[in-house]
Amino acid sequence: MKFIKHLPNFLTICNALLGCFALFFLFVESFGYSNSEKYYCIILLIFIAAIFDFLDGFFAKFLNVKSNLGSQLDSFSDLISFAVVPAFLLIYYLSIHEFSLYVKLTPLIIILSSIYRLSKFNLLESSNHFKGLPTPANAMFFLGLPSLLLYLNEFVLISIVLVFSFLMISDFKFYSFKSLKNKDEKQFLFVLILLQLVIIIFSFVYDAELASLLSFMILAYILSCFIISGINKEASSN
C-alpha cells in the first residue's frame, strides 16, 4: 500500500526518463535507424511521456496524495519531455536543412517560455481550464514541425516560435479535458472534433506526412479554444 501512495511520483519520473531517452536517442545513439525512423521513435517516446503526465495527475487526485514534491517533480519532468526535447529536436532538423545560425538558436526560446509557463502553473489554483497554452500541447506542435520544414522559410519559423512562446506565457483561456460539463466546454469539444475530422480528411486527400498531423491537430485545438472564447465573450457583451 505504501507504493500506491508514491505511484503518481513514480509515473512522473517515468515521464522524465522517457524525455531523457529521447535526448539520448537524438544526440548519442541512433541504433542504426535512419533520421526518419529516429524522428518517429522520439515522437513515440514523448507521446508515451504525455500519457504518463496525464496519469500522474489523475492518480494523484484519485488517491488524494497531491504534494508540493509531486508538483515540483511534475514541472521538472515536463520541462525535459515537453520543452528541452522538442526544442533540440527542432534545432537538430534545422541543422540538417542548413538554416542560418540565428534560426537554429530560436527554439531555445521554447525552453525559456516553458520554464516561465511551468513556474506560473505551480502558483495557480486548480481549474478546469488552463491559463496559457499547456506545455504538452506546445510540445506536440513542435514535434510535428520538422516534417513541415521544407515548406517554411526562416521568417515563418521564427514567427511560429515567438507566437507559440507567447501563447504559453499568456493568460488566454485554453480548455482542458478534465471537465466537459458546461455549455462552452461542450461547444469546444464539438468544434474541436469537427476541425480534427477536416484535418484527417485533408491529410488523406493530400497524402500528408503522419507527423505533420500533430502540428495541425494542435492548431485545431488552439483555434477551437479561441472560437468558443470569442463566441462566449460576444454573447456576454450583448
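What to note about this one:
- Flag if SER159 is free of Cβ contacts under 8 Å to residues at least 12 places away in the same chain and within 28 Å of LEU89 (Cα to Cα): yes
- Meets criteria (touching a Cys at 6+ places or on another chain (Cβ under 6 Å), modelled with pLDDT of 85 or more and farther than 20 Å from LEU44 by Cα) for PHE174: yes
- Residue selected from region 177-207 under the condition more than 30 Å from ASN128 (Cα to Cα) and among the hydroxyl-bearing types (Ser, Thr, Tyr), by the criterion modelled with the highest pLDDT: SER203
- Across region 12-58, the qualifying residues are those that are charged (D, E, K, R) and touching a helix residue (DSSP H, G or I) at 6+ places or on another chain (Cβ under 7 Å), and the one among them that is surrounded by the most Cβ atoms within 10 Å (Cβ to Cβ) is ASP53.
- Hits in region 110-140 - residues which are in contact (Cβ under 8 Å) with a residue 40 or more places away in the chain and either among the acidic types (Asp, Glu) or touching a Leu at 6+ places or on another chain (Cβ under 7 Å) (or both): SER114, LEU118, LYS131, GLY132, LEU133, THR135, MET140
- If only residues of region 105-133 that are of a type in the set (D, E, K, R) and within 20 Å of PHE82 (Cβ to Cβ) are counted, the one that is modelled with the highest pLDDT is ARG117.
- For region 175-212, residues that are within 28 Å of TYR39 (Cα to Cα) and either buried (at least 19 other Cβ atoms within 10 Å of the Cβ) or over 16 Å from the mean Cα position of the chain (by Cα) (or both) total 18.
- One residue alone among ASN182, ASN153, ASN122 is of a type outside the set (D, E, K, R) and touching a Ser or Thr at 6+ places or on another chain (Cβ under 9 Å), and that residue is ASN122.
The values are calculated or read from the model by the stated rules, or taken from the named source; none is laboratory data. These figures come from a predicted structure and were not determined experimentally. In this analysis, Cβ positions are derived from the backbone assuming ideal geometry, glycine residues included, and neighbour counts consider all displayed protein chains.
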